Every structure is written in structure tokens, then in C-alpha cells.
Amino acid sequence: MLELIVISTLNGVLFGMLLFLMASGLTVIFSMLGVLNFAHASFYMLGAFFGFQISRWFGFWPALLIAPLLAGIIGAGVERYGLRRVHRNGHVAELLFTFGLAFVIEEVVQIIWGRSPVDYRVPALLDFPAFTIFSTNYPAYKMFMLLVSIVIFVGLLLVLKKTRIGLIVQAALTHPHMVGHLGHNVGRIFMLVFGVGTALAAVAGVIAGPALVTQSNMAGLLGPILFVVVVVGGLGSLPGAFVASLLIGLVQTFAVSMNGSLSGAFGPLSPAYASTWLADIWDVTIAQIAPIVPYMMLVLVLIFRPMGLLGTRDT
């Protein structure tokens with residue numbers, strides 16, 4: 001039991017930090033532009049495939065730097081030549097634009113790399129067990145993923161809170177016209193923030209690709225949970241995104257590892273109910289409902305606290 005708790009906690013924190021790498025960029029983008037970028041998870045996928053391709057040519061470590069840079073440049077271009085033009089037509093047009101962009105990126109990835117998973121491997125330098133807990137070897141690469149996520153989180157926090165650039169960005173979130181009157185190019189700030197946000201998602205893709213499956217539908221698998229994180233934490237709240245990421249990462253990881261059920265806790269149903277719908281629910285394990293647990297949390301938050309855990313907006 002202790003081994004299960006320790007391993008699940010490590011995996012949950014790791015999954016939560018990866019979610020935060022993506023949710024942080026999406027949260028800041030929403031705060032500035034007021035639109036949820038449906039294509040955000042697609043930049044996570046682009047980061048994974050760019051990392052795979054560049055690692056085949058130059059190795060993993062150059063890929064860790066080059067792939068997010070390329071994804072960030074593409075993201076900045078999307079904001080400058082796409083979203084900025086669509087913005088004048090309202091939020092519905094922006095949502096439809098990013099929704100269509102997600103399908104375009106997925107189709108392009110399938111054309112170039114195919115539909116099957118690619119052979120994106122852990123770098124040899126980190127392909128060893130970091131430590132052993134009871135009988136389980138914990139991979140060094142997962143600790144590297146956790147370290148990168150924490151370093152980026154701390155760096156992002158310091159930039160936003162302690163630097164001039166961070167102060168300008170925070171001011172542009174709430175008072176863009178005032179920032180413009182002070183002589184700053186607000187449009188360029190929006191473009192750079194959008195690019196950095198997509199680059200953060202790409203970093204998550206580069207480091208998660210070797211540990212998870214890198215394939216053309218990975219954005220669709222992770223995208224819905226990403227929006228759950230943003231809504232549960234509070235739209236536009238960076239601390240809320242961090243708390244929600246860790247919460248959902250831990251809850252889902254522990255749920256997957258638990259085989260408890262109502263029948264195990266209270267015993268089997270009486271024969272009178274054996275052929276009813278109640279029998280099916282009675283035997284369902286926690287691990288079987290683990291994929292829908294984040295969405296159950298989303299429903300509860302929307303009912304009892306629509307602005308999210310740490311959000312301040314009601315809409």
C-alpha cells in the first residue's frame with residue numbers, strides 16, 4: 001500500500017505539472033485575448049513530433065530547445081496573421097478559427113508522420129532507474145520531466161512577478177489601452193505571449209513524447225482534460241491553473257490505481273437485483289471510472305463555484 005501511495009503521488013505530481021505547462025499558456029492567452037484556444041493542445045502535439053524529428057537528426061537535447069522555438073514561432077504567426085484579423089468579428093469567430101486550426105494541424109501531422117505511433121525514445125543519458133522504491137524502479141527520465149516542469153514553473157512565476165516584462169504583461173492583461181498609451185506595442189505583446197504560451201505547450205510535448213505515446217491523435221486525447229484544468233482552476237487564473245493541474249493529476253492517477261467498488265465495500269447484491277441496472281453499477285471499479293473523474297469535478301465546480309477554485313470572473 002505504501003509503495004502504491006508513493007509511486008502514484010510521484011506520477012500524479014508529474015502528470016499535474018505537465019498539465020500546468022500547457023494550462024499556463026492557455027490561461028495567460030485567455031486572460032489577454034479573452035478566447036479559449038481550442039488548438040492549444042495541437043501545439044503540444046507539434047512539440048512532440050518536432051522533438052521526435054529533430055532528435056533523429058541532431059539528438060534529444062537540441063530538440064528540447066529547437067522544437068519549442070519552432071512551435072512558438074508558428075503560434076506567434078497564428079496570432080499575428082490569424083487571430084488578430086478574426087478578432088474584429090467577435091469571440092465566436094475566434095473559437096471557430098482555433099477549432100478549425102486544430103483539425104488542420106492534426107491533418108498536417110498525419111500527412112507528414114502518419115497515423116501510427118512514432119518511435120520517439122528516451123535519451124540514452126537518462127535511460128536508467130533513478131531510484132528503487134520497494135520493488136519498483138522509478139525511471140530517471142520521469143524525474144527529469146518533473147524537474148523541467150518545476151524549473152519552468154518557477155521561472156514563469158519569477159518573470160511575471162519580478163521583471164519589467166512581467167509587469168507589462170500583467171498590465172496588458174487588464175488595461176491594454178493604458179499600456180498602449182504608455183508607449184508599449186500591445187499587439188506585439190499579445191503576439192509574444194501567444195508564442196510563449198504555445199512554446200510552453202510544445203515543451204510539454206517534447207519531454208512527454210518519449211514517456212507517453214507520440215501519435216497524431218494525442219492532442220485530442222489530452223485537449224479535453226486541459227480545458228477541465230483551466231475551468232476548474234478559474235478562467236484567467238494562473239495560480240488556479242497550477243492548483244487544478246496538481247489536483248486533477250493526483251486524483252486521476254490515484255483513481256487509475258484503485259480497484260475498489262461498491263460490491264467490494266458492501267458485499268454482493270441480493271439475487272433480486274442481480275439482473276437489474278443496479279448490478280452493473282455495483283460492480284464498476286474506481287479504475288474503470290477514472291477517465292471521467294476530471295469531468296465529474298468540472299460539473300461540480302460549474303454547479304457550486306462557476307468562477308473556478310481561484311478565479312474571479314463569473315463569466
Problem set entry | Test item: Cα-centred dipole of segment 29-148, Lys/Arg +1 and Asp/Glu -1 on Cβ, debye | 200
Exercise. Cα axis of helix 238-256 to longest principal axis of the chain: angle in degrees, 0 to 90, nearest 10?
Worked result: 30
Exercise. Using helices alone, what [θ] at 222 nm do you get for the chain, with -39,500 (n - 2.57) per DSSP H run of 4 or more residues, divided over all residues and rounded to the nearest 500?
Worked result: -23000 deg cm²/dmol
For this session: Could you order Leu157, Leu125, Leu269 so the one with the most accessible surface comes first? Probe is 1.4 Å.
Result: Leu125, Leu157, Leu269
Seminar exercise, completed: From most to least accessible, 1.4 Å probe, no ligand or DNA/RNA atoms counted, Thr163, Thr214 line up as Thr163, Thr214
For this session: Provide the per-residue ³J(HN,Hα) series for segment 263-271, in order, calculated from phi with Karplus coefficients 6.51, -1.76, 1.60 and θ = phi - 60°, each as a whole number of Hz, with x at glycine and proline positions.
Result: 5, x, 7, 10, x, x, 6, 6, x
Problem set entry | Between segment 1-69 and segment 183-223, the alpha-carbon center distance in angstrom | 7
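Among 253-260, 71-78, how do they line up by average Cβ neighbours within 10 Å per residue, starting with the highest?
Taking the mean over residues of other Cβ atoms within 10 Å, the ranking is 71-78, 253-260.
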For this session: Treating the angle as unsigned and between 0 and 90°, give the value, to the nearest 10°, between the Cα long axis of helix 40-57 and the longest Cα principal axis of the chain.
Result: 90
Problem set entry | Global geometry of segment 1-96, whether rounded, prolate or oblate, following the gyration tensor of its Cα atoms and the 1.5 cut on a/c | oblate
For this session: Express in nm, to one decimal, how much length is gained between Asn137 and Val284 on full extension, taking 0.36 nm for each residue of separation and deducting their alpha carbon distance.
Result: 49.9 nm
For this session: For the chain, give the magnitude of the charge dipole about the Cα centre (Cβ charges: +1 Lys/Arg, -1 Asp/Glu; no others), in debye to the nearest 20.
Result: 1040
Exercise. Taking only Cα atoms, what is the 0 to 90° angle, nearest 10, from helix 218-233's long axis to the longest principal axis of the chain?
Worked result: 80
For this session: Could you work out which residue, out of Ala208, Ala171, Ala102, moves most in a Gaussian network model of the chain, that is, has the largest mean-square fluctuation with Cα springs under 10 Å?
Result: Ala171
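The values are calculated or read from the model by the stated rules, or taken from the named source; none is laboratory data. Bear in mind the structure is a predicted one, so any value in this text is a computation, not a measurement. Reconstructed Cβ throughout: ideal geometry from the backbone, glycine too, with neighbour counts over all protein chains shown. Keep in mind that these areas ignore ligands, DNA and RNA; they rest on the heavy atoms of the full protein, side chains included. Shrake-Rupley method; radii C 1.70, N 1.55, O 1.52, S 1.80 Å.
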